[in-house]
């Protein structure tokens, strides 16, 4: 693999910006705004490592088993995660947090969320 640096930009690709995304189930959105967008700045050939910027309108999802290991930094907005024991934490602009693969949680975006992400499948 070539050693290269990638600058993650808050607005996605400098030419094309962010592209529509569909990671969130349509019924999970909690307002009339159902927009979701993403730009992946880096991914390995097998897509086991990904890094980029993602934005999603308010939504709420029950996640039985978080599908990947993911570290995130909130650029704007707010998300509250509640684990299986009922413990909740809210993350807002500037917060960095990690969710381990297999975690059972409720993912509740209360204000349009934009985040940087680093995923390890």
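Rule-based calculations on the coordinates, nothing more; no lab input. Quantities reported herein were computed from a predicted structural model and do not represent experimental measurements. Counting neighbours? That spans all protein chains shown, and the Cβs are built from the backbone with ideal geometry, glycine included.
Of all residues being more than 24 Å from residue 93 (Cβ to Cβ) and in contact with a strand residue (DSSP E or B) (Cβ under 9 Å, 6 or more places away or on another chain) in the range 4-26, which is surrounded by the fewest Cβ atoms within 10 Å (Cβ to Cβ)? Just the residue, please. Looking at the filtered set, the residue picked out is 4.
Of the residues making up the range 1-31, just one is under 17 Å from residue 112 (Cα atoms), free of Cβ contacts under 8 Å to residues at least 24 places away in the same chain and assigned to a loop (DSSP other than H, G, I, E, B), namely 22.
Only one of 62, 55 is within 14 Å of the chain's Cα centre (by Cα), in a strand (DSSP E or B) and touching a residue at least 24 places away in the same chain (Cβ under 8 Å). Can you tell me which?
That would be 55, the only listed residue that is within 14 Å of the chain's Cα centre (by Cα), in a strand (DSSP E or B) and touching a residue at least 24 places away in the same chain (Cβ under 8 Å).
Number of residues in the range 72-89 that are surrounded by fewer than 13 Cβ atoms within 10 Å (Cβ to Cβ) and either at negative phi or touching a residue at least 12 places away in the same chain (Cβ under 8 Å) (or both) equals 5.
Name the residue, out of 101, 34, that is touching a helix residue (DSSP H, G or I) at 6+ places or on another chain (Cβ under 7 Å), surrounded by 12 or more Cβ atoms within 10 Å (Cβ to Cβ) and in a loop (DSSP other than H, G, I, E, B). Of the residues listed, the single one that is touching a helix residue (DSSP H, G or I) at 6+ places or on another chain (Cβ under 7 Å), surrounded by 12 or more Cβ atoms within 10 Å (Cβ to Cβ) and in a loop (DSSP other than H, G, I, E, B) is 34.
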